[in-house]
1. Determine whether segment 34-55 contains at least one residue that is crowded, with 17+ Cβ neighbours inside 10 Å, touching a strand residue (DSSP E or B) at 6+ places or on another chain (Cβ under 6 Å) and at pLDDT below 95.
2. Restricting to segment 47-68, give me the number of residues that are of a type outside the set (F, W, Y), within 12 Å of the ligand (Cβ to nearest atom) and either assigned to a loop (DSSP other than H, G, I, E, B) or touching a helix residue (DSSP H, G or I) at 6+ places or on another chain (Cβ under 6 Å) (or both).
3. Considering T118, T156, which residue is of a type in the set (V, I, T) and surrounded by fewer than 17 Cβ atoms within 10 Å (Cβ to Cβ)?
4. So which of L162, L130 is touching a helix residue (DSSP H, G or I) at 6+ places or on another chain (Cβ under 7 Å), under 20 Å from P64 (Cα atoms) and part of a helix (DSSP H, G or I)?
5. Hey, among the residues in segment 177-209 that are among the β-branched types (V, I, T) and not in a helix (DSSP H, G or I), which one's surrounded by the most Cβ atoms within 10 Å (Cβ to Cβ)?
6. What tally of residues in segment 69-101 results from selecting those that are within 6 Å of the ligand (Cβ to nearest atom) and part of a strand (DSSP E or B)?
7. Report, ordered by the first and then the second residue, all pairs with beta carbons closer than 7 Å, sequence separation of six or more or different chains, a first member in segment 63-85 that is within 17 Å of Y37 (Cβ to Cβ) and touching a residue at least 24 places away in the same chain (Cβ under 8 Å), and a second member that is loosely packed, with under 15 Cβ neighbours inside 10 Å and of a type in the set (A, V, I, L, M).
Amino acid sequence: MQFIKPEIFTATLASKVQLTADTWEFDFTFTPGSFPYKAGHFAMMIFDHEGKTEQRAYSISSPPSSNSFQICVKLIPNGKGSTFLANLPLGAKVQFKGPFGMFFIKDDNAADLILVATGTGIGPMKSIILDLLARGDGRRIELLFGVRHQQGLLFTDLLAELSAKHPNFTYQITLSSIDGRVTAYLDQFNFAKTAAHLYICGSGAMVKDVRNFALEQGMDKAAIHVENFG
Ligand SMILES: Cc1cc2nc3c(=O)[nH]c(=O)nc-3n(C[C@H](O)[C@H](O)[C@H](O)COP(=O)(O)OP(=O)(O)OC[C@H]3O[C@@H](n4cnc5c(N)ncnc54)[C@H](O)[C@@H]3O)c2cc1C
């Protein structure tokens, strides 16, 4: 199944966890029914803002489940969607439409994976990693995760736990305030020769830079997959 027709559905906010000073993970349960999504998909949150209906895209950060889904969101000061989420009480019902996107591992793609994420771009990577490892997928999965400061790190305990348990999963963290941007760490992947597929998620500038770097190194365009948060 490669394409799932997007539908509007209602979800209930079951819990929210603060991960850093400005980033939260929101856990929604389906009410009622379920919304089939693949690891890497995103959903559009539909909400009212000053009498106008608005929509914002959020990548699903949890592995596929028929009961619930999570989103990992950076709160933007005065941002309409993120402020709506920040003020949402537990038990609130919210409309979403989805699933959307092509940032998932196609059923016939068994290639090793190089995942490059910055900030909340780690969300869909978490979904993909948890899904593959839970299914016993033995392909090599290498994650390069960049944030600005140590205080902005997300899911470090989970990443450490997963790599200790699954030898095929490794990760590297870079702090741009100390180590420079993630693009400085790309040589190690040998994009010219690798048969792996590259998945990139985060800010528009980073996604563009990493993609261009891989293309310049001679990586096949078809092996590069991006999710651009803007
Ligand atoms: C496919 C897709 C998936 C996405 N998934 C996620 C996700 O999983 N988690 C997540 O947090 N976001 C995600 N985004 C971004 C999200 O859709 C919103 O753009 C973001 O939450 C800001 O929306 P807002 O309504 O809060 O701010 P807006 O009201 O749209 O913007 C308010 C102001 O903040 C500025 N601004 C917007 N974004 C940022 C930013 N990141 N940093 C600083 N200033 C900003 C705007 O330029 C504007 O001036 C995704 C975007 C796309 C396209």
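1. yes
2. Result for segment 47-68: 8.
3. Values: T118 fails: surrounded by fewer than 17 Cβ atoms within 10 Å (Cβ to Cβ).
Of T118, T156, the one residue that is of a type in the set (V, I, T) and surrounded by fewer than 17 Cβ atoms within 10 Å (Cβ to Cβ) is T156.
4. On the way: L130 fails: touching a helix residue (DSSP H, G or I) at 6+ places or on another chain (Cβ under 7 Å).
Result: L162 is the single residue among L162, L130 that is touching a helix residue (DSSP H, G or I) at 6+ places or on another chain (Cβ under 7 Å), under 20 Å from P64 (Cα atoms) and part of a helix (DSSP H, G or I).
5. Taking segment 177-209 and keeping what is among the β-branched types (V, I, T), we get 178, 182-183, 194, 200, 207.
From what is left, the residues that are not in a helix (DSSP H, G or I) are 194, 200.
Details: T194: 18, I200: 27.
The selected residue is I200.
6. 4
7. P63/A134
Yes or no, residue by residue, for (1) in contact with a Cys (Cβ under 9 Å, 6 or more places away or on another chain); (2) in contact (Cβ under 8 Å) with a residue 12 or more places away in the chain; (3) polar (S, T, N, Q):
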| residue | (1), (2), (3) |
| --- | --- |
| F189 | no, yes, no |
| A196 | no, yes, no |
| A205 | no, no, no |
| D209 | no, yes, no |
| F213 | no, yes, no |
| Q217 | no, yes, yes |
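The values are calculated or read from the model by the stated rules, or taken from the named source; none is laboratory data. What you are looking at is a predicted structure, and each value in this text was computed from that prediction instead of being measured. Note that we place each Cβ from the backbone using ideal geometry, even for glycine, and neighbour counts take in every protein chain shown.
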